[in-house]
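What follows is a short report on a single structure.
Every number here is computed from the coordinates shown, using simple stated rules; none is lab data. Since we're looking at a predicted model, the values are computed, not measured. Here Cβ is always computed from backbone atoms with ideal geometry, including for glycine, and neighbour counts include all displayed protein chains.
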Amino acid sequence: MRMLIVTLIGAAVAGCIPQSRRAQIDVGGGASVALIVSPMFGWHSDWHRKLSIKAPKGSLEIDLFEDTGWWRGSNLYRHESGLYVLHEGQAGCIIFSVSPPKVVNDPAISCDKSNQTVPGGTVKADTSSQGFPASRFYRDFQYIGQFVETPHGQKPISFIGADKQPEAEPSDIL
């Protein structure tokens, strides 16, 4: 009887341990960028979130703002300089390199929306941007895709590439 109780308690505790989920995109040169989410305790789909960068020259994980219901997706861009930008909408931008993985503070890269946004659908890719379409909202950015929560899906988070869905406009930075 005692063993049954211990087994049931162990199973209950194991069921409460949050499991991390990830959506990942390969960005070339053996490097990948992923968004990792772990559920926060509660009935809602609120997440602890991390940005993970893995490359032949190392890896890096960056804690992001916790999602307590505000997060609507994070757009991933490649700047013409070769740096990458994760645009978190109201939580701002993270600029980083993948070779080697590190956060970069470059005042020349702006996450302010351009005054000359492109209306409508998709912008044609130019060959110098590795096939990524130019951003409709940000100067010198190429849109790679978006990390999004997938409610009622098999996975809680996914990456939707620019080839599958046009660029969604991120909310303004607070």
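Once you place label points 7 Å from the Cα toward the Cβ at residue 25 and residue 108, how far apart are they in nm?
Taking the simple label geometry, residue 25 and residue 108 are separated by 2.3 nm.
Do any of 57/102; 54/102; 50/155; 57/155 go past 21 Å between their Cα atoms, and which?
On the way: 57/102 11 Å; 54/102 10 Å; 50/155 16 Å; 57/155 29 Å.
Among 57/102; 54/102; 50/155; 57/155, the Cα-Cα distance tops 21 Å for 57/155.
Using a basic spin-label model with each label point 7 Å from the Cα along Cα→Cβ, how many nm lie between residue 65 and residue 139?
2.5
For residue 158 and residue 38 in the same chain, what is the full-extension length gain: residue separation times 0.36 nm, less their Cα-Cα distance, in nm?
Working: separation 120, 0.36 × 120 = 43.20 nm, distance 1.35 nm.
The span from residue 158 to residue 38 would gain 41.8 nm if fully extended.
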